[in-house]
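A.B. asks: Supplied in structure tokens, the structure appears directly below.
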Amino acid sequence: MNKQLRKAVIAGNWKMNKTPDETKALIEEIKPLVKDADCDVIVCVPYIDIHTALEATKGSNIKVGAENCHWAESGAFTGEVSAPMLKAIGVPYVIIGHSERRQYFGETDETVHDRVRAALNNDLTVILCVGEYLKQREQNITMEVIATQVKIALAGVSAEELKEKIIIAYEPVWAIGTGLTATAQQANEVNKGIRDLIADLYDADTANATVIQYGGSMNAKNADELLSQPDVDGGLIGGASLKAPDFAAIVEAASK
Ligand code: 13P
């Protein structure tokens with residue numbers, strides 16, 4: 001983290017876990033543990049839990065996010081939720097382009113782009129996920145893959161929108177839920193690559209202001225080392241975000 005340039009952001013991605021009652025209980029457990037955080041703290045929860053999460057976090061320093069939104073404002077898209085719907089219930093953040101959406105639900109770079117646009121049009125702050133498969137890393141094309149994902153997702157996004165309303169999360173697919181973490185050097189190398197790309201596409205100021213997280217088996221033990229890297233501005237946390245003490249330990253590491 002470079003705290004002179006950027007504020008660290010720790011976000012939990014609860015994925016398909018927790019009922020509303022369990023959501024309330026977990027947030028009540030997290031709240032006192034993170035109240036003095038010197039970083040932004042977000043919990044991204046299933047749609048069904050958003051209302052409960054918004055109520056439970058009221059008056060605290062924890063913000064709430066959704067885990068996806070559709071690209072259309074409304075229409076015949078059974079089972080989907082739109083950005084205006086999220087805006088209407090007052091949820092400020094939304095994850096877009098998570099590798100599980102890309103892998104299991106047919107998400108493409110183009111649909112990620114369209115969803116990012118819809119979210120921005122509705123004043124939501126986007127956590128934009130990018131990441132390579134193990135095979136792509138082995139083929140030495142990691143940065144090409146990431147650059148393509150970033151360029152397509154951000155096409156037409158202004159520098160102001162990027163600085164103010166987008167957080168990028170680098171999540172190598174091979175490190176998600178596997179217990180395999182990118183080394184701190186690997187994480188920083190790709191995050192710096194993304195920052196350099198933004199400097200090319202936009203300018204140095206925009207690149208310096210953009211928050212770029214790492215995600216993939218980040219936990220209470222490895223958070224310190226990952227977050228000590230200059231271009232790792234926080235984390236998107238899966239499994240460890242479901243355990244209050246572990247999530248709090250990561251928040252504490254980001255607060256140093
Ligand atoms: P894990 O922390 O469980 O590896 O998940 C990371 C992730 O996918 C966050 O979005």
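The values are calculated or read from the model by the stated rules, or taken from the named source; none is laboratory data. The structure displayed is predicted, hence computed values, not measured ones. Reconstructed Cβ throughout: ideal geometry from the backbone, glycine too, with neighbour counts over all protein chains shown. Keep in mind that these areas ignore ligands, DNA and RNA; they rest on the heavy atoms of the full protein, side chains included. Shrake-Rupley method; radii C 1.70, N 1.55, O 1.52, S 1.80 Å.
A.B. asks: Give me the residue from segment 1-18 that is polar (S, T, N, Q) and either at pLDDT 95 or above or assigned to a helix (DSSP H, G or I) (or both) and, out of that set, surrounded by the most Cβ atoms within 10 Å (Cβ to Cβ).
C.D. replies: Among residues in segment 1-18 that are polar (S, T, N, Q) and either at pLDDT 95 or above or assigned to a helix (DSSP H, G or I) (or both), the one surrounded by the most Cβ atoms within 10 Å (Cβ to Cβ) is Asn13.
A.B. asks: If we keep just the residues of segment 28-47 that are assigned to a helix (DSSP H, G or I), in contact with an Asp or Glu (Cβ under 9 Å, 6 or more places away or on another chain) and under 24 Å from Leu227 (Cβ atoms), which is most open to solvent (accessible area, probe 1.4 Å)?
C.D. replies: Filtering first and then ranking leaves Leu33.
A.B. asks: Would a scan of segment 48-60 turn up a residue that is at pLDDT 95 or above, of a type in the set (S, T, N, Q) and either part of a loop (DSSP other than H, G, I, E, B) or more than 29 Å from Asp224 (Cβ to Cβ) (or both)?
C.D. replies: Yes: one or more hits.
A.B. asks: Does Gly238 qualify as being under 20 Å from Gly97 (Cα atoms), in contact with a Lys or Arg (Cβ under 7 Å, 6 or more places away or on another chain) and either touching a residue at least 40 places away in the same chain (Cβ under 8 Å) or of a type in the set (Ser, Thr, Tyr) (or both)?
C.D. replies: yes
A.B. asks: Could you list, in sequence order, the residues of segment 65-89 that are among the hydrophobic types (A, V, I, L, M, F, W, C) and more than 13 Å from Thr111 (Cβ to Cβ)?
C.D. replies: The answer is Ala66, Ala76, Val81, Ala83, Met85, Leu86, Ala88, Ile89.
A.B. asks: OK, next. What is the one condition in (1) surrounded by 19 or more Cβ atoms within 10 Å (Cβ to Cβ); (2) more than 30 Å from Asp196 (Cβ to Cβ) that Val112 does not satisfy?
C.D. replies: Checking Val112 against (1) surrounded by 19 or more Cβ atoms within 10 Å (Cβ to Cβ); (2) more than 30 Å from Asp196 (Cβ to Cβ), the one that fails is (2).
A.B. asks: Would you be able to tell me the number of residues in segment 71-115 that are within 16 Å of the ligand (Cβ to nearest atom) and over 18 Å from Ala53 (Cα atoms)?
C.D. replies: The number of residues fulfilling the criteria is 13.
A.B. asks: Can you tell me which of Gly59, Gly75, Gly97 is at positive phi, more than 15 Å from the chain's Cα centre (by Cα), open to solvent by less than 70 Å² (accessible area, probe 1.4 Å) and not aliphatic (A, V, I, L, M)?
C.D. replies: Of Gly59, Gly75, Gly97, the one residue that is at positive phi, more than 15 Å from the chain's Cα centre (by Cα), open to solvent by less than 70 Å² (accessible area, probe 1.4 Å) and not aliphatic (A, V, I, L, M) is Gly75.
A.B. asks: So Asp21 fits all but one of (1) in a loop (DSSP other than H, G, I, E, B); (2) open to solvent by 70 Å² or more (accessible area, probe 1.4 Å); what number is the exception?
C.D. replies: Failing condition for Asp21: (1).
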